[in-house]
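Peer 1: So that we are looking at the same thing, I have put the structure below in structure tokens.
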Amino acid sequence: MQITDTIYALSSGALPAGVAVIRISGPATADVIGRLCGALPQPRRAALRTIRTRNGEILDSGLVIYFPGPASFTGEDCCELQVHGGRAVVHAILDALAGFEGLRHAEAGEFSRRAFQNGKLDLVEVEGLADLITAETEMQRRLAIEQSGGGQSALYQGWARRLTHARAMIEAELDFADEDDIPGSVSETIWSDMAKLAGEIDAHIDQAGLAEIIRDGLKIVIAGEPNAGKSSLLNALAKRDIAIVTEIAGTTRDVLSVDLSLAGFSVKLYDTAGLRETDELVEREGIRRAREVIGHADLILLLSEKPGDFVWNEPVGNDVPVIRVATKIDRNGANWAPGQADLFLSTKTGDGIADLLEELKAHLPDLAGRTSLAMPSRKRHVDCLKQASAALARSLAVEGLDIQAEQLRMASDALGRITGRVDVENLLDVIFSEFCVGK
Amino acid sequence: MTSYDVIVIGGGHAGCEAASAAARLGARTALVTHKKETIGVMSCNPAIGGLGKGHLVREIDALDGLMGRVADAAGIQFRLLNRRKGPAVRGPRTQADRRLYREAMQREIDAIENLDVIEGDAFDLLTDDETVAGVIMKDGRVFRAAAVVLTTGTFLKGLIHVGDRKIPAGRVGEAPSVGLSETLCRFGLRLGRLKTGTPARLDGRTIDWDRVGRQGPDEDPVPFSFMTDTILNRQIECGVTRTTDATHKIIADNIHRSAMYSGQIEGVGPRYCPSIEDKIVRFGERDGHQIFLEPEGLDDDTIYPNGISTSLPEDVQAAFIRTIPGLESVAILQPGYAIEYDHVDPRELQLSLSVRKMPGLFLAGQINGTTGYEEAGAQGLVAGLNAALAAMGREPFVFSRTDSYIGVMIDDLTSRGITEPYRMFTSRAEYRLSLRADNADMRLTPAGIELGCVGEERRTRFGSWKGAYEEGRTLLRSLSITPNEGARHGLKLNQDGQRRTAFDILAFPDQTIEGLRPLWPQLEAIDPRVSGALQIDAAYAVYMERQAADIAGIRREESATIPDDFDYSDLPGLSNELKQKLAQQRPRNLAQAMKVDGMTPAAVSLLLSWLRRQERRAQRVAGQAAQ
């Protein structure tokens, strides 16, 4: 595998479709187009061309757009063929491409990888792009576009610039102590900004939970005594039979889940084994898994078919709400008094399901009025940001300029691991542009 | 024909250290210089050390080099910079008496038994095939050597500029070397052109000293060398004055007559050592620029006005200097000038400072694009040691970014090249808290002893010092106290029930060994020579631990060496652009490769796995050969 290979792949979705887009990237791109479609179109202009095999046999006609490198997605010469999206058409074109020397089918993610290696995207942007492609809900799309479009990188780079400036002021004082042009207390000017920066990073880290909900979905666990109707509720919400429902307690042995889209958010519903003491090996494993899922839940729906059975002894996070749901009210409705549960429903009649959905929506994050979704959506970002913030906090707490400088260097390194390294030359550039140094 | 193990060309700061280092390792060494009396001349400002630079001097000294001892013998105004800012960023510095410095250096050189000084003009290199094999002198003499160290400073196609006057010269009154420059070109070395400058020299007897401020020396001068007990020279004051609006006006009005601004100079000058023209053009709005009036010696009336290096014509120099308070009727002994010179792109060098394309040749000092006596001396040491090791068929001795400023400098030079004359700053060292001026001996002397470049006298002295240090540290770590007991003795400790050792307690602000004596009378046993070092080490201990993991990582990356002839075109999965960059920059190890622009984590792991595969293959081949 040589990177000098030219790669191609069907870049649009499943066939058949009205239009299919085939992408080609690599040094042989121009040559391949010339041979498939005749004269090379003007860069970045769509041109209608007939696509033929090397033997002159017509395959299809379609739009050809040529993007010469480095001004292309991958940074290499690129081309997009927009052709008719029939299976036979696309396969014939892909076969024709495979017939060229030095061309091969792209591996998964290879176009993005080349874009990254050629410096067209930074790591945050690549990650954002991957999320954008897999985004299923509106909020996931908004979050991913913020990342892949560089909005988030711009935020981090802004922070990195402030840190660089602060470090430069300290380094100026340390390395040019005997210079007249550098006031002895120049480094004092930066600490209020560093305190502010630490606050901004912390506030940003606090958004990580929200980003996780957007990216991975709000995790709702349906829990309750065996035979409380958990699986029936899952099936009702999924609008299909996912779980096996019987009257026998302990039917569900594994954790089942469905993904729902609710008000633009992804919601993951987990049906768990009823929690009870049992010697049955498979059921015990199911209960262990249920507890694990409960441990990560954002919201618990605690089900019961009769009043007084809302027993909840599982450890969950402090702010994880537990909603008490009375079930099977078509049969047991008369047993319940108002206030004995938060919601009352019957999956059989559908009563109360709409109320439940409204209640769930109320637990989704409130993004009204938010224009930016720049928030750390990956653990890698959160880890680096936490390290940066901790180092900043130490720099504000310790004594001695050399030790403070060391903490800022660590903060800068941590931030650099997200977007890119800050070099000592950057510090010197700042120093020499702001101060007249040199005896 | 006379033959040597090592020949060093050039008797400046790099040359002297190189010759001494090679000789200390036992190589039969010759030092070739134009004139014996110019050995150890300080051609620019009369000072040694400073921030970053002082660290280099301490490291040269730790390996038994000359610069620290010579500076101690010549120092006339010792000042420890950043005294109040933490030991890691303290930089020892001294003004030096030019004559005393030169004489002390010449005494050191004379005293080395297996070192000959050869006077004359080294015209060209003697080569056998593609290997450097000696030196050809202008007068026809030929000296053979297994290794040659070239330390020609600013002499490679040196060109002095004063206004529109151009004088081919290496230093004022000394001819440049033209032949060597051409030989280096012939071997295909990439050369660049740099510029530096120096101010006019003034007659101190014509300065109105009452009109200028003063800067005094430290009361307790701290010597550079581990071997120096006390500074004997009388310590002097420097004058301090400033440029005025009138000065700025004259310079601005005549800026077109400056060689720097008339387009005559192509070389790039350093940003941190700008000419007065640069200062006025870039920072003209400042209400004045400081000038230090530095005496060049105890019984020398020459004054070095630090801060006004210039390439303006002589008449303009005289005019602007006389607008400066105190210098109204000063006599100018020698005009300032700019000098342009060739340097070799240091990416042509290996970490041993040997030239990749010219086996047997080592380069050190300004020829590698650096500036400063200390940077030159440190490279001289590295080149001299490695030239001797090469001549003896021993493995090269390579410094690391994690053990020394020397390592930082050589790594920077060989991996990134330069865009301006390279000067050391403490901010260049990632592990600044570990690489302190005060612990240079502990960092490097043991390695020097093992290598064989440390003399008997230092070995003994260091051994006794280290013994006392370790005893003291053991004692400090063996004594401990609970927070409650501490409180009874007025120590504010976290009430967490943790016992803390005396060593731990020394890390708190304002704690000293002396201050802990009422608590632990046995601390009296600590040798006063080492108490300062123990205190500093205790204060940094927690940071050292944190850096230790980083350092171990870098060492691992540094030890993953990349063969010189590594073919990146074979390496699958790298972009062509990156392959080209790697092939051009030729990182010596993985740590350097990681700093190549555009290197991604994915590319690093590719490179690493490829290196591992080659290593295993080599081991298999070696294993089969052994069978």
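One line per residue, one yes/no per condition, for (1) under 30 Å from residue B:585 (Cα atoms); (2) at pLDDT 95 or above; (3) among the β-branched types (Val, Ile, Thr):
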position	(1), (2), (3)
B:308	no, no, yes
B:325	no, yes, no
B:332	no, yes, yes
B:339	yes, no, yes
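Peer 1: In segment B:99-126, how many residues are closer than 18 Å to residue B:150 by Cβ, in contact (Cβ under 8 Å) with a residue 60 or more places away in the chain and open to solvent by 30 Å² or more (accessible area, probe 1.4 Å)?
Peer 2: Residues flagged as closer than 18 Å to residue B:150 by Cβ, in contact (Cβ under 8 Å) with a residue 60 or more places away in the chain and open to solvent by 30 Å² or more (accessible area, probe 1.4 Å) within segment B:99-126 amount to 4.
Peer 1: What are the residues in segment B:40-64 that are surrounded by fewer than 23 Cβ atoms within 10 Å (Cβ to Cβ) and either under 11 Å from residue B:224 (Cα atoms) or more than 12 Å from chain A (Cβ to nearest Cβ) (or both), if any?
Peer 2: Selection gives B:41, B:42, B:43.
Peer 1: Of all residues being crowded, with 21+ Cβ neighbours inside 10 Å and more than 38 Å from the chain's Cα centre (by Cα) in segment A:7-50, which is farthest from residue A:99 (Cα to Cα)? Just the residue, please.
Peer 2: A:37
Peer 1: Moving on. Counting only residues that are hydroxyl-bearing (Ser, Thr, Tyr) and at pLDDT below 95, which one in segment B:371-405 is nearest to residue B:271 (Cα to Cα)? Give the derivation first.
Peer 2: Of all residues in segment B:371-405, those hydroxyl-bearing (Ser, Thr, Tyr) come to B:371, B:373, B:400, B:402, B:404-405.
From what's left, at pLDDT below 95: B:371, B:400, B:402.
On the way: B:371: 12, B:400: 27, B:402: 27 Å.
So the residue we want is B:371.
Peer 1: Mind counting the residues in segment B:460-493 that are touching a residue at least 40 places away in the same chain (Cβ under 8 Å) and under 13 Å from residue B:517 (Cα atoms)? Show your work before the answer.
Peer 2: Going through segment B:460-493, the residues touching a residue at least 40 places away in the same chain (Cβ under 8 Å) turn out to be B:461-462, B:465, B:468-469, B:471-473, B:475-476, B:479.
Then drop every residue that is not under 13 Å from residue B:517 (Cα atoms), which leaves B:475-476, B:479.
Counting residues in segment B:460-493 that are touching a residue at least 40 places away in the same chain (Cβ under 8 Å) and under 13 Å from residue B:517 (Cα atoms) gives 3.
Peer 1: Can you pull out every residue in segment B:158-190 that is part of a loop (DSSP other than H, G, I, E, B) and either of a type in the set (Asp, Glu) or modelled with pLDDT of 85 or more (or both)?
Peer 2: First pass over segment B:158-190, keeping only residues part of a loop (DSSP other than H, G, I, E, B): B:158, B:163-164, B:169-170, B:172-173, B:175-176, B:178, B:187-190.
Once the filter is applied, which keeps residues that are part of a loop (DSSP other than H, G, I, E, B) and either of a type in the set (Asp, Glu) or modelled with pLDDT of 85 or more (or both), segment B:158-190 yields B:158, B:163, B:164, B:187, B:188, B:189, B:190.
Peer 1: Another question, then. Among the strands (runs of 3 or more DSSP E) lying completely within segment A:1-91, list those that include at least 3 residues that are among the β-branched types (Val, Ile, Thr) and within 14 Å of chain B (Cβ to nearest Cβ).
Peer 2: Numbers: elements: A:6-10, A:17-25, A:47-52, A:58-67, A:78-85.
Per the criteria, no element qualifies.
Peer 1: Tell me, which residue of segment B:256-276 that is touching a Gly at 6+ places or on another chain (Cβ under 9 Å) and at pLDDT 85 or above is farthest from residue B:315 (Cα to Cα)?
Peer 2: B:274
Peer 1: Right, something else. Taking residue B:480, is it surrounded by fewer than 21 Cβ atoms within 10 Å (Cβ to Cβ), farther than 30 Å from residue A:408 by Cα and touching a Ser or Thr at 6+ places or on another chain (Cβ under 6 Å)? Before the answer, list the steps.
Peer 2: Working: surrounded by fewer than 21 Cβ atoms within 10 Å (Cβ to Cβ): yes; farther than 30 Å from residue A:408 by Cα: yes; touching a Ser or Thr at 6+ places or on another chain (Cβ under 6 Å): yes.
Criteria met by residue B:480.
Peer 1: Right, here's the next one. Of everything in segment B:50-108, what is hydroxyl-bearing (Ser, Thr, Tyr) and in a helix (DSSP H, G or I)? Give them in sequence order. Walk me through it before giving the result.
Peer 2: Within segment B:50-108, the subset hydroxyl-bearing (Ser, Thr, Tyr) is B:94, B:101.
If the condition is that a residue be hydroxyl-bearing (Ser, Thr, Tyr) and in a helix (DSSP H, G or I), then B:101 is the only one that fits.
Peer 1: Does segment B:214-239 hold any residues that are in a strand (DSSP E or B) and open to solvent by 30 Å² or more (accessible area, probe 1.4 Å), and which are they?
Peer 2: We begin by selecting, within segment B:214-239, every residue in a strand (DSSP E or B); these are B:214-215, B:238-239.
Result: B:214, B:215.
Peer 1: Could you check, for segment B:94-109, whether at least one of its residues is in contact with a helix residue (DSSP H, G or I) (Cβ under 7 Å, 6 or more places away or on another chain) and within 14 Å of chain A (Cβ to nearest Cβ)?
Peer 2: Here is the first cut: in segment B:94-109, the ones in contact with a helix residue (DSSP H, G or I) (Cβ under 7 Å, 6 or more places away or on another chain) are B:94, B:96-97, B:100-101, B:104-105, B:108-109.
Checking the rest, the ones that are also within 14 Å of chain A (Cβ to nearest Cβ) come to B:94.
Yes.
Peer 1: Is it fair to say residue A:346 is open to solvent by less than 30 Å² (accessible area, probe 1.4 Å) and among the polar types (S, T, N, Q)? Let's see the steps before the verdict.
Peer 2: On the way: open to solvent by less than 30 Å² (accessible area, probe 1.4 Å): yes; among the polar types (S, T, N, Q): yes.
For residue A:346, the condition - open to solvent by less than 30 Å² (accessible area, probe 1.4 Å) and among the polar types (S, T, N, Q) - is met.
Peer 1: Taking segment B:437-464 as the search range and keeping residues that are under 18 Å from the mean Cα position of the chain (by Cα) and part of a helix (DSSP H, G or I), which one is surrounded by the fewest Cβ atoms within 10 Å (Cβ to Cβ)? Quick ask: steps written out before the conclusion?
Peer 2: Initially, segment B:437-464 is screened for residues under 18 Å from the mean Cα position of the chain (by Cα), giving B:437-441, B:443-445, B:448.
Checking which are part of a helix (DSSP H, G or I) leaves us with B:440-441, B:443-445, B:448.
Working: B:440: 26, B:441: 23, B:443: 18, B:444: 24, B:445: 25, B:448: 24.
Within segment B:437-464, the match that is surrounded by the fewest Cβ atoms within 10 Å (Cβ to Cβ) is B:443.
Peer 1: Now, a different point. Any chance you could count how many residues in segment A:51-96 are more than 17 Å from residue A:115 (Cβ to Cβ), touching a residue at least 40 places away in the same chain (Cβ under 8 Å) and open to solvent by 50 Å² or more (accessible area, probe 1.4 Å)?
Peer 2: Counting residues in segment A:51-96 that are more than 17 Å from residue A:115 (Cβ to Cβ), touching a residue at least 40 places away in the same chain (Cβ under 8 Å) and open to solvent by 50 Å² or more (accessible area, probe 1.4 Å) gives 4.
Peer 1: Can you tell me which residue within segment A:395-419, out of those that are open to solvent by 10 Å² or more (accessible area, probe 1.4 Å) and in contact (Cβ under 8 Å) with a residue 24 or more places away in the chain, is nearest to the other protein chains (Cβ to nearest Cβ)?
Peer 2: For segment A:395-419, the residue satisfying everything is A:401.
Peer 1: State whether the residues of segment A:186-199 include one that is within 12 Å of chain B (Cβ to nearest Cβ) and closer than 21 Å to residue B:51 by Cβ.
Peer 2: Looking only at segment A:186-199, we keep the residues that are within 12 Å of chain B (Cβ to nearest Cβ), and these are A:187.
Among the residues that remain, those that are also closer than 21 Å to residue B:51 by Cβ are: A:187.
Within segment A:186-199, one or more residues are within 12 Å of chain B (Cβ to nearest Cβ) and closer than 21 Å to residue B:51 by Cβ.
Peer 1: Let me ask another. Of the conditions (1) closer than 27 Å to residue B:29 by Cα; (2) polar (S, T, N, Q); (3) in contact (Cβ under 8 Å) with a residue 60 or more places away in the chain, residue B:434 satisfies every one except a single condition; which number is it?
Peer 2: (1)
Yes/no per residue for (1) outside any loop (DSSP other than H, G, I, E, B); (2) open to solvent by 50 Å² or more (accessible area, probe 1.4 Å); (3) touching a helix residue (DSSP H, G or I) at 6+ places or on another chain (Cβ under 6 Å); (4) in the same structural domain as residue B:266 (by TED's automatic domain parsing):
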{"position": "B:389", "(1), (2), (3), (4)": "yes, no, no, no"}
{"position": "B:394", "(1), (2), (3), (4)": "no, yes, no, no"}
{"position": "B:399", "(1), (2), (3), (4)": "no, no, yes, no"}
{"position": "B:413", "(1), (2), (3), (4)": "yes, no, yes, no"}
{"position": "B:468", "(1), (2), (3), (4)": "yes, no, yes, no"}
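Peer 1: Among the listed residues A:223, A:203, identify the single one that is more than 14 Å from chain B (Cβ to nearest Cβ) and open to solvent by 20 Å² or more (accessible area, probe 1.4 Å).
Peer 2: Details: A:223 fails: open to solvent by 20 Å² or more (accessible area, probe 1.4 Å).
The unique qualifying residue is A:203.
Peer 1: While we're on this one: Tell me which of these residue A:215 doesn't satisfy, since it passes every other one: (1) more than 12 Å from chain B (Cβ to nearest Cβ); (2) more than 28 Å from residue A:319 (Cα to Cα); (3) of a type in the set (Lys, Arg).
Peer 2: (2)
Peer 1: Could you say whether any residue in segment B:536-547 is of a type in the set (Phe, Trp, Tyr), touching an Asp or Glu at 6+ places or on another chain (Cβ under 7 Å) and within 14 Å of another protein chain (Cβ to nearest Cβ)?
Peer 2: yes
Peer 1: What is the one condition in (1) within 21 Å of residue B:433 (Cα to Cα); (2) touching a Gly at 6+ places or on another chain (Cβ under 7 Å); (3) at pLDDT below 90; (4) of a type outside the set (S, T, N, Q) that residue B:543 does not satisfy?
Peer 2: For residue B:543, the failing item is (2).
Peer 1: Ok, one more. If you go through segment A:172-214, how many residues are in contact (Cβ under 8 Å) with a residue 40 or more places away in the chain and not acidic (Asp, Glu)? Reasoning before the result, please.
Peer 2: First, pick out the residues of segment A:172-214 that are in contact (Cβ under 8 Å) with a residue 40 or more places away in the chain: A:172-176, A:178-179, A:181-182, A:187, A:191, A:194-195, A:197-198, A:200-202, A:204-205, A:207-208, A:210-214.
Going one step further and asking which of them are not acidic (Asp, Glu), we end up with A:172, A:174, A:176, A:182, A:187, A:191, A:194-195, A:197-198, A:201, A:204-205, A:207-208, A:210-211, A:213-214.
Result for segment A:172-214: 19.
Peer 1: Between a residue in segment B:231-242 that is over 10 Å from residue B:292 (Cα atoms) and any residue that is of a type in the set (A, V, I, L, M) and open to solvent by less than 20 Å² (accessible area, probe 1.4 Å), which pairs come within a Cβ distance under 9 Å, given they are 6 or more apart or on different chains?
Peer 2: Matching pairs, first to second residue: B:233/B:74; B:233/B:76; B:234/B:76; B:235/B:76; B:236/B:76.
Peer 1: Of all residues in segment A:278-305 being in a loop (DSSP other than H, G, I, E, B) and touching a Lys or Arg at 6+ places or on another chain (Cβ under 9 Å), which is surrounded by the fewest Cβ atoms within 10 Å (Cβ to Cβ)? Don't jump to the end; show me each part of the working.
Peer 2: Taking segment A:278-305 first, the residues in a loop (DSSP other than H, G, I, E, B) are A:278-280, A:296-298, A:305.
Filter once more, keeping what is touching a Lys or Arg at 6+ places or on another chain (Cβ under 9 Å): A:278, A:280, A:296-298, A:305.
Details: A:278: 16, A:280: 11, A:296: 13, A:297: 23, A:298: 23, A:305: 18.
Among those residues, the one meeting the criterion is A:280.
Peer 1: Any idea which of (1) small (Gly, Ala, Ser); (2) open to solvent by 40 Å² or more (accessible area, probe 1.4 Å); (3) not in a helix (DSSP H, G or I) is the one residue A:354 doesn't satisfy?
Peer 2: Among (1) small (Gly, Ala, Ser); (2) open to solvent by 40 Å² or more (accessible area, probe 1.4 Å); (3) not in a helix (DSSP H, G or I), residue A:354 violates only (3).
The values are calculated or read from the model by the stated rules, or taken from the named source; none is laboratory data. The model shown is predicted, which means the values in this text are computed figures rather than measured ones. Every residue, glycine as well, gets a Cβ built from its backbone with ideal geometry; the counts of neighbours run over all protein chains shown. Please note that ligands, DNA and RNA were not included when accessible areas were found on the heavy atoms of the full protein model with its side chains. Shrake-Rupley method; radii C 1.70, N 1.55, O 1.52, S 1.80 Å.
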